[in-house]
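Take a look at the structure set out below.
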Protein chains: 2
Amino acid sequence: MADTNIASGATYAPTAKAEKVVEPGEFNFAAAFLDHGHIYGQVNGLRDAGGTLKWVYDPDPAKVTAFLEKNPEAQVADSYFQLLEDPAIQLVAAAAVPSERAGVGFQALEAGKDYFTDKSPFTTLEQLATARTKVAETGRRYMVYFSERLHNEGAMKAGALIANGAVGRVLQVVNLAPHRLSKGIRPDWFFQKEKYGGIITDIGSHQFEQFLSYTGAKDATVNFARVANFNNPDTPGLEDFGEASLTADNGASFYCRMDWFTPDGSPVWGDGRTFVVGTEGSIEVRKYMDLARKALDSVVFLVNGEKEQEFQCQGNTGFPFFGELILDCLNRTENAMTQEHAFKAAELSMKAQLLAETQ
Amino acid sequence: MADTNIASGATYAPTAKAEKVVEPGEFNFAAAFLDHGHIYGQVNGLRDAGGTLKWVYDPDPAKVTAFLEKNPEAQVADSYFQLLEDPAIQLVAAAAVPSERAGVGFQALEAGKDYFTDKSPFTTLEQLATARTKVAETGRRYMVYFSERLHNEGAMKAGALIANGAVGRVLQVVNLAPHRLSKGIRPDWFFQKEKYGGIITDIGSHQFEQFLSYTGAKDATVNFARVANFNNPDTPGLEDFGEASLTADNGASFYCRMDWFTPDGSPVWGDGRTFVVGTEGSIEVRKYMDLARKALDSVVFLVNGEKEQEFQCQGNTGFPFFGELILDCLNRTENAMTQEHAFKAAELSMKAQLLAETQ
């Protein structure tokens, strides 16, 4: 692992040895709008899989300078339009302020580029509706960096086990997603709800994406959702707690809790967990640490009809999503993630957010 | 540990060295209606704390014979009335068929005895309403063996940590409560919903009791609840899955999942977990096992502002409830558990069950 600051989720950017699915120059991408540190993970993932980082753009020169320290191969664009006009660019990776992500993406789609945004991809259902239209019109992809699955080896291993039938039919997924607030290093928009969209829209979109992925569901009903500012009266725009309960179209149950209460004594930014109950077995994922025992770590536990098993995933499982995404862009396939899956995860998170705000 | 069959929850009966709060003969109790194996845990707890088991009664001689093998000191009563008529008896411990527990208890109360029933204490809100009246009329106690906290060392340790302010204000409790179905050893009533009351009434009452205990809440609103028979079509009266979301009167959040899907490969009947989020720290309880690492086990993890800590509770924490219960009965205090707390846990579980049945 390199370039990984495990203490802060805001700068958590995994990288790993990966099969390079293309030669240098065969898949060129740009990085633009560096507002969230996730852009580093997005770039790492694409580059690890063989992608070529050609351009970087941000209106803030300081962000560009910091980016170049870790990604010196990028050329600095003078404007977003400059990189959009480069016919060699296949995909734009971006981590803009959440409320701006749709607008940034629409420009990319209209310029004939695929788009790979940090989550959450939208902050309003109206943005999503427009995105569906734009994707249909342009034939381009609006993909999302759901890093809590796509860039987590335990989460990827759990998905592979489930796909292989290790737990039978999935009946329930529970996600517990604490995050470190790191209040001092957060930008202003982090505390402005109209900009980040609310905690379920934001962190929840990760969780809902995992739910859809592990259950194979295509849609779900939001049963209950709640948001709160429990303990941050000085930043009233911050929701420091959120929870939601869903029932999938295939009957599976989902519950998730999102919060900003990772204690300072935790060596990792969040002790994220996933629990999967199936007809034939159960899975637990300790995504980023093995509490009080080891950090960084990523471990999957499987209990089935015969025995308990523990899978050490850290450094072993890798991140196949990024190579699949590159190939999807080149071949116009949908192996990494379907467009509808990405949109549905965002849609459910925003619907749950809206329900929470009425309760 | 002795007399503990960890593979089956139905016969899970912890015992531990405990401070004896009374001398032999100072607190005499009877065991009656042995329908659920929890009666063994109830007797162990009371005896470990110094109580004297004087009588046993069950209409089924086979159950009495089995009971005497582990509790040879008990005299066999010919009828329930015989032991109720003994003025030396302070308390009746019972684990009747759930739908019969209230009736058994009312007879005990009317005979001037305190009552200590296996959970769930009721199967209908009408039984609870009558119990409130009977308790007020007789001045006797209707106490409940919520074994998943009272007879679990990790759960007791977590409560002690919370009471000492280890996590600050409790914001949320999540309980995951898988149980082994052990279909072959279950009695007929286990599959008849009118007799066991539904999975939230039954297993859920444990979880709600922990929620009230850890949050200090006096009441709560049920936000959402669901029950299902996911995978047992041959026993349609069985609910093999249940979940519920609550908000406490002090704002705390609670979610729990109950199920009968512990895989056969698990060495323990259920990998029960509790997660507590507080303003100043977080707790995880691995109640009965350390998945894929150690069984039997009971471990508490605490992360606060300074560090991570792991507390090995198995064999260390003990079960102070039982001694406190004995002293409460003798001194007419409410240190072990208030009457209202026990009733409220049952009330919320039945309300959640009813809500689930309408959804």
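Here are some notes:
- Straight-line reach from B:K351: taking Cα to Cα under 18 Å and skipping same-chain neighbours fewer than 8 places apart, the lysines in range are B:K119, B:K193, B:K195, B:K218.
- Per residue solvent-accessible surface (Å²) - the stretch A:153-206, probe of 1.4 Å: 31
- With every protein chain in place, the protein assembly as shown: carbon and sulfur % of accessible area (1.4 Å): 51
- Within the stretch A:273-359, the trypsin sites (Lys or Arg not before Pro) that combine a DSSP coil assignment with at most 16 other C-beta atoms in a 10 angstrom radius are A:R293, A:K307, A:R332.
- Peptide A:162-173 - average C-beta neighbours from other chains (10 Å radius): 2
- Helices that extend 30 Å or more along their long axis by alpha-carbon positions and average at least 0.0 on the Kyte-Doolittle scale are absent among the DSSP H runs of chain A.
- Starting from the label point of A:D249 at 7 Å along Cα→Cβ, the same points in the other copies fall at 4.3 nm, in ascending order.
- Gyration tensor verdict on the stretch B:144-234 (Cα atoms; rounded if a/c is under 1.5, prolate if a/b is larger than b/c, oblate otherwise): prolate
- A Cα-only calculation for the stretch A:292-359 places Rg and Dmax at 18.3, 46 Å.
- P(r) histogram, all alpha-carbon pairs of the stretch A:27-121 included - 5 Å bins from 0, percent: 3, 16, 29, 29, 19, 5, 0
- With contacts taken as Cα pairs under 8 Å at a separation of at least 6 residues, chain B carries a relative contact order of 18 percent.
- Pairwise FRET efficiency - A:F191 versus A:E334, Cβ, R0 = 30 Å, nearest 0.05: 0.25
- Across identical copies of the chain, A:D219 has label-point separations of 3.9 nm, listed in ascending order, with the point defined 7 angstrom from Cα along Cα→Cβ.
- Relative contact order computed over the stretch A:175-303 (Cα-Cα under 8 Å; 6+ residues apart), in percent: 26
- Where rotation carries B onto A, the chain B residue whose Cβ is nearest that axis, in whole Å: B:F224, 2
- Label geometry 7 Å along the beta-carbon vector: A:F191 inter-copy distances in nm: 6.0
- Residues of the stretch A:265-304 that lose at least 50 Å² of accessible area (1.4 Å probe, protein heavy atoms only) when the other protein chains are present, relative to their chain alone, are A:G265, A:F275, A:V277, A:L291, A:A292, A:R293, A:V303.
- Cα-based Kirkwood hydrodynamic radius, the stretch B:189-233, one decimal, Å: 12.3
- Gyration tensor verdict on the stretch A:1-73 (Cα atoms; rounded if a/c is under 1.5, prolate if a/b is larger than b/c, oblate otherwise): oblate
- Qualifying trypsin sites (Lys or Arg not before Pro) in the stretch B:168-270, where qualification requires a DSSP coil assignment and no more than 15 other C-beta atoms within 10 Å, comprise B:K218.
- Mean accessible surface per residue for the stretch A:242-359, computed with a 1.4 Å probe while every protein chain stays in place, in Å²: 30
- Of B:E69, A:E310, B:E100, the residue with the largest accessible area leads and the full order is B:E69, B:E100, A:E310 (1.4 Å probe).
- Accessible area buried between chains A and B, both sides summed, probe 1.4 Å, in Å² to nearest 100: 4000
- Test item: B:233-242 mean partner chain Cβ contacts at 10 Å: 1
- Extension reserve of the B:L125-B:E357 stretch, reckoned as 0.36 nm per residue once the Cα distance is removed: 82.1 nm
- Across the stretch B:222-292, Cα-Cα pairs more than 15 Å apart make up 67 percent of the total.
- Euclidean distance of C-alpha centroids, the stretch B:211-245 and the stretch A:1-60, integer Å: 43
- Mean Cβ neighbour count within 10 Å, used as a protection proxy, ranking A:15-26, A:87-98 highest first: A:87-98, A:15-26
- Alpha carbon Rg of the protein assembly as shown, scaled by the compact-globule rule 2.2 N^0.38 Å: 1.04
- Histogram of C-alpha separations across chain B, 10 Å bin width, %: 5, 26, 36, 26, 7, 0, 0
- Theoretical ellipticity at 222 nm over chain B - DSSP helices of four or more residues, -39500 (n - 2.57) apiece, nearest 500: -10000 deg cm²/dmol
- Per residue of peptide A:307-314, the mean number of Cβ atoms on other chains within 10 Å of the residue Cβ is 3.
- Overall form of the stretch B:114-177: prolate. Here a/c, set by the Cα gyration tensor axes a ≥ b ≥ c, is 1.5 or more, and a/b is the larger of a/b and b/c.
- Rg to Rh quotient for the stretch B:238-332, alpha carbon positions, Kirkwood Rh: 1.03
- Of the listed residues B:D234, A:D114, the order by accessible area with a 1.4 Å probe, largest first, is B:D234, A:D114.
- Debye log10 I(q)/I(0) at q = 0.16, 0.31, 0.32 Å⁻¹ for the stretch B:40-91, Cα point scatterers: -0.45, -1.32, -1.34
- GNM flexibility winner over chain B from B:G184, B:G251, B:G154 (Cα, springs under 10 Å): B:G184
- Here the stretch B:92-198 was treated as a single set of alpha-carbon atoms; its pair distances binned every 10 Å from 0 give 13, 33, 30, 22, 2 percent.
- Estimated D of the stretch A:122-273 in µm² per second, where Rh is the Kirkwood radius over Cα pairs and Stokes-Einstein applies at 10 °C, 1.306 mPa s: 94
The values are calculated or read from the model by the stated rules, or taken from the named source; none is laboratory data. The shown structure was predicted, so the numbers you read here are calculated from the model rather than taken from an experiment. We place every Cβ from the backbone using ideal geometry, glycine too, and count neighbours over all the protein chains shown. Accessible surface areas use protein heavy atoms only, side chains included; no ligands, DNA or RNA. Shrake-Rupley method; radii C 1.70, N 1.55, O 1.52, S 1.80 Å.
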